[in-house]
1. What lysines does residue B:156 reach when the alpha-carbon gap must be under 16 Å and sequence neighbours fewer than 8 apart in one chain are set aside?
2. Under the definition of partner shielding as Cβ atoms of other protein chains within 10 Å of a residue Cβ, what is the mean value for peptide B:22-34?
3. Work out the mean other chain Cβ neighbour count within 10 Å for the residues of B:9-20 and drop it here as an integer.
4. Just give the residues from region A:109-155 buried by at least 40 square angstrom of accessible area in the all-chains context relative to the isolated chain, probe 1.4 Å, and say none if nothing qualifies.
5. How shielded is A:98-107 by partner chains, expressed as the average number of their Cβ atoms within 10 Å of its Cβ atoms?
6. Where in region A:114-141 does the amide nitrogen come within less than 18 Å of the point 7 Å from the Cα of residue A:175, taken along Cα to Cβ?
7. Using 7 Å Cα-to-Cβ label points, what is the residue A:125/residue B:125 separation (nm, one decimal)?
8. Separation of region A:133-168 and region A:67-115 by C-alpha centroid, Å?
2 protein chains.
Amino acid sequence: MRFNVVGLGCSALDYLGVVPRWPRLDEKIEMLNFTRQGGGPVATALVTLSRLGSSTSYIGKVGDDEAGKFILKEFEKEGVDTSGVVIEKGASSLFAFCVAEKNTGKRTIFWRRGTCSELDPKELNKQLILSAEFLHLDGHEIKAAIQAAKWAKREKIKIVLDPDVNPPEMEELIRLTDVLIVPSNFARDFTKEENYSKAAEKFFAFGPEVVVITLGEKGCLCKSNKGVFTRPAFKVKVVDTTGAGDVFHGAFIYGLLRGWDLEKTAEFSNAVSALKCMELGGRAGIPTLKQVEEFLASCVQNKGPSGLHRFK
Amino acid sequence: MRFNVVGLGCSALDYLGVVPRWPRLDEKIEMLNFTRQGGGPVATALVTLSRLGSSTSYIGKVGDDEAGKFILKEFEKEGVDTSGVVIEKGASSLFAFCVAEKNTGKRTIFWRRGTCSELDPKELNKQLILSAEFLHLDGHEIKAAIQAAKWAKREKIKIVLDPDVNPPEMEELIRLTDVLIVPSNFARDFTKEENYSKAAEKFFAFGPEVVVITLGEKGCLCKSNKGVFTRPAFKVKVVDTTGAGDVFHGAFIYGLLRGWDLEKTAEFSNAVSALKCMELGGRAGIPTLKQVEEFLASCVQNKGPSGLHRFK
């Protein structure tokens, strides 16, 4: 079987709650809303691609605990193939408790490492990886990720990287990457540059053909051999920003699969990410292609003289 | 079947984590330790009694979700009878996420109401309630609690109350109560008294034969027709105070079942509560009778000139 996108990275179980305000230590506070959803950078990007209509397969390690079972069930429900998943007996999966503040949508994440061992390159299904048009990585399971990237490189499969962590091998992985999409704080920490254009230049020098820095409510900055441009974010009523970056990655890969230019791809990715933020959790708000198209059409109608899109 | 203690109240599933420090909004913080345990004031008091060697039965409503199943399994494991539990189809159980700060043991609780309907007095097993020597209530399921208290009163079954909530019917329930044990903040809010001796007097005037106010790290204050006395808390290395009050109630009922005087009962309850605080969660640290006896014996040996017990 062939897939548009194969992703290798970490999977998590996210518990998500909304509180009226951020509490002090030693308080009891009632949550206004509560849900649980699968999470993880590559994992949620694949769910995004799947909702948009692409075929996807997830590779990673999960425990055989209740959380692991929940994570696999969510993939199944979303149509993400899990034939490359390694289930570790007696191990627990990564768990996160994300609490969002009602009025700002800003969230604090309490997380707990799982007890799964690291994914060994020997546990990889090479055939599965080479079946993809795109390989998506998040820097977790770094040894396996580098092995997979090397195989993909030789076969000219495009490699997209979302560096969620920063192990010593990160530079090696960036050098293997075709499309590098990083959050602003990673850009600052890794390049020691406060100016995002300059940070993008530095990443570009490592070899990727496209570098994107995501800027949260400010949108994104893209760098390619054609130069640098920025795209503002869409203004929406934010409920929760959990997973906004993961979803942006999925949408960006979707644009590349469709052969769109970078401007259209960036605009589309901003839209998908904005729609996600209108619901609690990393995945509940991920739109279908039809929903994105309707959103974009409505934004064109409402485009004000400032050039900023507004959506109610 | 007859039970030493039948309890009627709320059950919860507690997720418990430890963080190195209390985070700001919009941070990601790794938990140092994580566990999940059953919770709820009466529920945890019954587990305490069961570990100490008394026979107990829990009455309450739980959902048939994963949390509800976990709650029932924990009761089973602890030897708490659940023949009076009503399981509601399609409903979710109360859920709490308790985060304790490493150095202080102080915790913040994010909680979410379950979707179970209120327990109806018609759903009560009267026979089961009248089989008990003590009936323990926490103010949840207030209509059923008042009905149960009225039945118990007529048969001279002793009623112990831990007011965890404050519905309009609370005064009626306090008037039916024999042993009222309240946390300090409830004492202040209910009586509008800052002086705990005076607050205890006010509660005593409603009819209970014993009134206890728990004072956290300061121990407890007891009032009966013989007068008022206080008992200092034991100094221990606190990991988490979640459930310290619930456990105190269970231990206090144990002392009354044994026919101990109030001084010995208060001392014993302080000891059980202190031991609980040395582990994460409301239940993990609840000691057996032998462990309490060993702790108390070691404290007598270490008793300094200040009269304060120390335990390492």
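The values are calculated or read from the model by the stated rules, or taken from the named source; none is laboratory data. Predicted, not measured: the structure shown is a model, and the values here were computed from it. When we count neighbours, we look across all protein chains shown, and the Cβ atoms used for this are built from the backbone with ideal geometry, even at glycine. Protein only, heavy atoms only, side chains kept; ligands, DNA and RNA dropped before computing areas. Shrake-Rupley method; radii C 1.70, N 1.55, O 1.52, S 1.80 Å.
1. Partners within reach: B:126.
2. On the way: counts 5, 6, 3, 11, 10, 5, 7, 4, 6, 7, 1, 1, 7.
Other-chain Cβ atoms within 10 Å of each residue's Cβ, averaged: 6.
3. Counting Cβ atoms of other protein chains within 10 Å of each residue's Cβ and averaging gives 1.
4. A:109, A:110, A:111, A:112
5. 2
6. Those under the cut-off are A:139.
7. 5.0
8. When both Cα centres are located, 21 Å separates them.
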